Amino acid sequence: MPELEDHRDSSGRNETREERMDRNWGELLQELRVLQTGVQILAGFLLTLPFQDRFKTLDDYQVTLYLANVVVAALTTAFILLPVSVHRRLFRKRLKETLVNSADAITKIALGGVGLLSVGTASLVFDVTAGREAGLTAGGVLLALLLVLLVYVPLHLNRTAEDNPSASRNEE
């Protein structure tokens, strides 16, 4: 009886390359679902504002910031939908690795869009309710915090894992 091929990779998972790509694709879809919900909530909030009486009292800066937020919300939504469109184009062409790699890059851009949308929306709300200085301060503080949380922390964790070869590493 021939020996069965061992499909274990360095993560200790018993999966083929194709199975790993399928798992990675599923994980990316879950992440995109989370992003989509956040963007839908912020975009829905933004889309209701012009129908409020107070919207007519916004100054030029506030209207520009509002419109920039609407553009960022629309572009971020497009980036969240892009992996699905790519999947439709690559479906059944045996290009799962290309799909997963491109969706990974696209998801990072979408994360940046969600961060910008959060900063812009918070800045607008603070500007309208507490004044220009409060809006700029809130936007700046939130931008700094999001840069730390969304950029520095993942890079730091990756660097720490690379510097500690004895740590258990699971291949994505």
Check: Given a 1.4 Å probe and the protein chains all in place, what does the accessible area of VAL125 round to, in Å² to the nearest 10?
Finding: 60 Å²
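For PHE126, PHE51, what's the largest-to-smallest order of accessible area, 1.4 Å probe?
Numbers: PHE126 100, PHE51 170 Å².
Result, largest first: PHE51, PHE126.
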Next item on the list: Would you please give the FRET efficiency between LEU67 and ASN14, computed as 1/(1 + (r/R0)^6) with r the Cβ-Cβ distance and R0 = 35 Å, to the nearest 0.05?
Entry: 0.10
Note to self: On a straight-distance basis, which lysines could pair with LYS108 in a cross-link, Cα separation under 24 angstrom, same-chain partners fewer than 8 positions away excluded?
What the structure shows: LYS96
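Gain in length, ASP53 to THR37, computed as 0.36 nm per residue apart minus the alpha-carbon separation, to one decimal in nm?
Details: separation 16, 0.36 × 16 = 5.76 nm, distance 2.72 nm.
Between ASP53 and THR37, full extension yields an extra 3.0 nm.
Which order do GLU133, GLU19, GLU162 take when ranked by solvent-accessible area (1.4 Å probe, heavy atoms of all protein chains), largest first?
Numbers: GLU133 145, GLU19 90, GLU162 110 Å².
If we order GLU133, GLU19, GLU162 from most to least accessible, we get GLU133, GLU162, GLU19.
I need the shape label for the stretch 1-152. Rule: rounded when a/c is under 1.5, else prolate if a/b > b/c, else oblate, with a, b, c from the alpha carbon gyration tensor.
Working: a/c = 4.26, a/b = 2.53, b/c = 1.68.
Prolate shape, in that a/c is at least 1.5 and a/b is the bigger ratio.
Please report, as a whole percent, how much of the solvent-accessible surface of the stretch 1-141 comes from carbon and sulfur atoms (probe radius 1.4 Å). It would help to have the intermediate numbers written out before the result.
Working: 5560 of 9100 Å².
C and S atoms contribute 61 percent here.
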Margin query: For LEU58, what residues show an amide H to amide H distance below 5 Å, using hydrogens built from the backbone and excluding near sequence neighbours?
Written below: none
Notebook entry, point to check: Once fully extended, how much extra length lies between ASP104 and ALA134, figured as 0.36 nm per residue of separation less the alpha-carbon to alpha-carbon distance?
Noted result: 7.3 nm
Notebook entry, point to check: Which helices, taking whole DSSP H runs in the chain, have alpha carbons extending 18 angstrom or more along the helix axis plus mean Kyte-Doolittle at least 1.0?
Noted result: 60-90, 132-147
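The values are calculated or read from the model by the stated rules, or taken from the named source; none is laboratory data. Note that this is a predicted model, so its numbers are computed, not measured. Using ideal geometry, Cβ is built from the backbone for each residue, glycine included, and neighbour counts are taken over all protein chains shown. Each accessible area value is taken on the protein alone, full model and side chains, heavy atoms only, with ligands, DNA and RNA left out. Shrake-Rupley method; radii C 1.70, N 1.55, O 1.52, S 1.80 Å.
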